[in-house]
1. Do the conditions hold for Leu748, that is, is it among the aliphatic types (A, V, I, L, M) and either free of Cβ contacts under 8 Å to residues at least 40 places away in the same chain or not assigned by TED's automatic domain parsing to the domain that holds Ser772 (or both)?
2. Please give the number of the condition Glu459 fails out of (1) among the charged types (D, E, K, R); (2) surrounded by fewer than 20 Cβ atoms within 10 Å (Cβ to Cβ); (3) touching a Pro at 6+ places or on another chain (Cβ under 7 Å).
3. Testing Asn479 on (1) buried (at least 19 other Cβ atoms within 10 Å of the Cβ); (2) within 21 Å of Pro454 (Cβ to Cβ), one condition comes back false. Which one is that?
4. Please verify whether the range 248-269 includes one or more residues that are of a type in the set (A, V, I, L, M, F, W, C), in contact with an Asp or Glu (Cβ under 8 Å, 6 or more places away or on another chain) and part of a strand (DSSP E or B).
5. Can you name the number of the only condition in (1) part of a helix (DSSP H, G or I); (2) within 23 Å of the chain's Cα centre (by Cα) that Gln522 fails?
6. Test each condition in (1) more than 16 Å from ligand 2 (Cβ to nearest atom); (2) over 12 Å from Ile362 (Cβ atoms) for Val448 and report the one that comes out false.
7. Mind checking which residues of the range 299-337 are assigned to a strand (DSSP E or B), touching an Asp or Glu at 6+ places or on another chain (Cβ under 8 Å) and either free of Cβ contacts under 8 Å to residues at least 40 places away in the same chain or within 16 Å of ligand 2 (Cβ to nearest atom) (or both)?
8. Restricting to the range 600-631, what's the tally of residues that are buried (at least 20 other Cβ atoms within 10 Å of the Cβ) and either part of a helix (DSSP H, G or I) or acidic (Asp, Glu) (or both)?
Amino acid sequence: ESRYNPASLEEKWQQTWTERQLYQTPETRDRPKFYALSMFPYPSGNLHMGHVRVYTITDVIGRLKRMQGYRVLNPMGWDAFGLPAENAAIERGIHPAKWTYQNIAQMKQQLERLGIAFDWTREVATCSPDYYKWTQWIFLQFFNAGLAYQKEAAVNWDPIDQTVLANEQVDNEGRSWRSGAKVERKLLKQWFFKITDYAEQLLQDLDQLTGWPERVKLMQANWIGKSVGAYLEFPIVESSEKVAVFTTRPDTVYGVTYVVLAPEHPLTRKVTTQDRLAAVESFIAEVSNQSELERTADDKPKRGIPTGGTAINPFTGEEIPIWIADYVLYEYGTGAVMGVPAHDVRDFKFAREQNLPIKQVIVRADAADEKAELKEAYTEPGIVINSDLFNGMESPTAKGEIIAHAERQKWGKARVQYRLRDWLISRQRYWGAPIPVIHCPSCGAVPVPDEDLPVQLPEDVAFSGRGLSPLSQLESWVNVPCPSCGEPAKRETDTMDTFIDSSWYFLRYPDAQNADKAFDTQQVNDWLPVDQYVGGIEHAILHLLYSRFFTKVLRDRGLFNFDEPFQRLLTQGMVQGLTYKNPQTGKYIPSAQVNASDPKDPETGEALQVFYEKMSKSKYNGVDPLEVLAKYGADTARMFILFKAPPEKDLEWEDADVEGQFRFLNRVWRLVTEYAETTPAKEVKGELSKSEKELRRSIHTAIKEITEDLDGEYQFNTAVSELMKLSNALNDADCKNSAIYTEGIKTLLILLAPFAPHIAEELWQGIGNQTSVHEQSWPGVDLDALVVDEITLVIQISGKTRGTIQVPAQATREELEQYARESEVAQKYITGQEIKKAIVVPGKLVNFVLGK
Ligand code: ANZ
Ligand code: ZN
């Protein structure tokens, strides 16, 4: 009997599977398709446990679906453009392309070591010209549809990386998500994608996504941020212009006591009176370096100053002061607000601080005293007061009536507003897909003709990390003739946000080698939508929203016929490691320096905090997948990850549990290798014995439970428990020479195959099979085998358990009592006494209460 040696057998099977092209996607259309997709990684160079988890989850699903008769597409690729490669070029003088491809090679090797059944013939790398040619082509689809445009915009400027960041790449404290630098504001001409054109569809179609977590759909809906209200204009006294505001509460328009402009609003300088000019200018300068969050948080003081200008409320004819304040954002709505302190929390605070009047126009329907002074903003619906024609109306009615009145008077109209903004896609960086546009002094922005794609990244550039991007410094690349008139013109030197690369990669996989098209209509109509997408919750908003947007735009260009790219979404939890932290100093301590039974800071002797937290280098709590693979093998690592927590939940890495899975696989190894040395009966002759029946029941219970655990909800952890139960049942079976035992061993290996593919294959072939275990059909449940025909009945005498008997499972209450009375146990304990009462609990016990 040989020992279980994962290292050698795993490598052997990985090679064999590759040689046999076991995981190549079938080209035939004879079976239903299943597209299993993991979010592709950024090639940082090393696989971490988060990767291991995600790819293992998708792999189990893909392997299961193959065995269930689907043709499966489970591809892999690399989200390979981006800042780190360029930073490596700046810091270490290594070209981004070289750095990236080295990392890809290394990570690919590590992934192969995990035994993931990827179809590598469809590998994509977004930094390859074969790929970004089509990213550029897609950009031009957007451009031609009027969905890509340039405008001057206040952008987030990262002073360390010297680049513009999307709002989403700036954290709550106004810092860059990559460099951590405090982000500044700067005006630049930038390219945008008009995602706002699709805001309503992106919101509505969330309803189609029945296989998505509610939480993710809610995050998307909030990001889109639809508000229904009105656009109203307030004439300015000192000029012929008007201040336009967006409000969700037109019913409060009689309560307006001032108007506020965003400091950046173009009217600001026009309405400011001479005496206020200096103060206003210095206020604007102060605000311009604050982040959006700092400006709008409810708990921050609201700062603002009067401009000296005056507006007129068209409804009341009243003159009201025009202010500017930091809590009004230029980018949202019209960049101006009608101030209603009585009914808005922020306005209330602002009015209190600035001594502006507060005028109540809505009261609670049952309000006892409408004259009482407000202690806080009243934000709920109610009855309208102090509002002329509209007095006495309920506020929802008043909303409609006031909008209608405004429309008749040409003071404004109904308006729907979204928080979603257009997507700023240009980056002043080298390592990205060049935007395929040429700027001509006479023709303007001219698209690069399709036949000239890709616009290749020049290789010979300098990386200083400062100033303009490397592309704009390369004269020979920048200067080209205009494709339209032939006169001297200049290439666009911005590259695209890498989120663009990942917004369509799932369309490329079905036909990844296609040299003539980004994708083939028939192929994508066949394979998409993705049946199961697996990835991190950190992509809940942007990547998923952008991919949905791309899908809708390309569908509208007639390139395919589906509305949504991802039918089902699984967001896997984090992998957490044991973390030691000194609460005094805030320092993290590597576990190697800590005595686990008495954790103290090795330097100061202070007691350490011990807890689980997401693995990361800076916290010294990471576990290197390669070490785990070397020590236990891929199958154990996979089993541990699947067993330790349901896939959506966070997972605490615990060596003891890894060890536990290793022992389990060793038990399976022993069980099957021992079986291989026996010569069991080929078939069952006559009726099944009692122990054969029991074993069959265990086998089919396992099939039923595991199939149910994997169908839909993917409860891998409970499925692994069922595998353990089946292995125990086989171990304990009294019929090891029976053909039923053979059925049990084979079933165990087939059920184990998606989870621990290597050991399952080794043992499967070890018991004389020629074909791969991964080519076996997923077993069906024999319902007859599940029927229980005998149960164990407990016999109690006056509440004390005295013994058990076997009885037919379908016996009635009366029969149960009869069996119990006649049992040896009862005969022995009841001698001579009278049975006062018999308590029967069907399926469980009979209790005889004895009397005098
Ligand atoms: C008057 C009013 C009265 C408002 C009231 C609210 C309550 P959402 O739901 O987020 O769309 N607002 C409009 N544009 C703004 C901007 N650029 N910066 C900051 N605030 C802005 O919120 C819309 C409400 O936010 C609008 O309705 C406006 O204040 C404010 F009792 O108008 B309201
Ligand atoms: Zn031209």
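1. Considered against the rule, which asks whether it is among the aliphatic types (A, V, I, L, M) and either free of Cβ contacts under 8 Å to residues at least 40 places away in the same chain or not assigned by TED's automatic domain parsing to the domain that holds Ser772 (or both), Leu748 comes out as no.
2. So the condition that Glu459 fails would be (3).
3. Unmet for Asn479, out of (1) buried (at least 19 other Cβ atoms within 10 Å of the Cβ); (2) within 21 Å of Pro454 (Cβ to Cβ): (1).
4. No.
5. With respect to (1) part of a helix (DSSP H, G or I); (2) within 23 Å of the chain's Cα centre (by Cα), Gln522 is out only on (2).
6. (1)
7. Selection gives Gly308 alone.
8. 3
The values are calculated or read from the model by the stated rules, or taken from the named source; none is laboratory data. These numbers come from a predicted model, not from an experiment. Cβ sites come from the backbone with ideal geometry, for glycine too, and all protein chains shown count toward neighbours.
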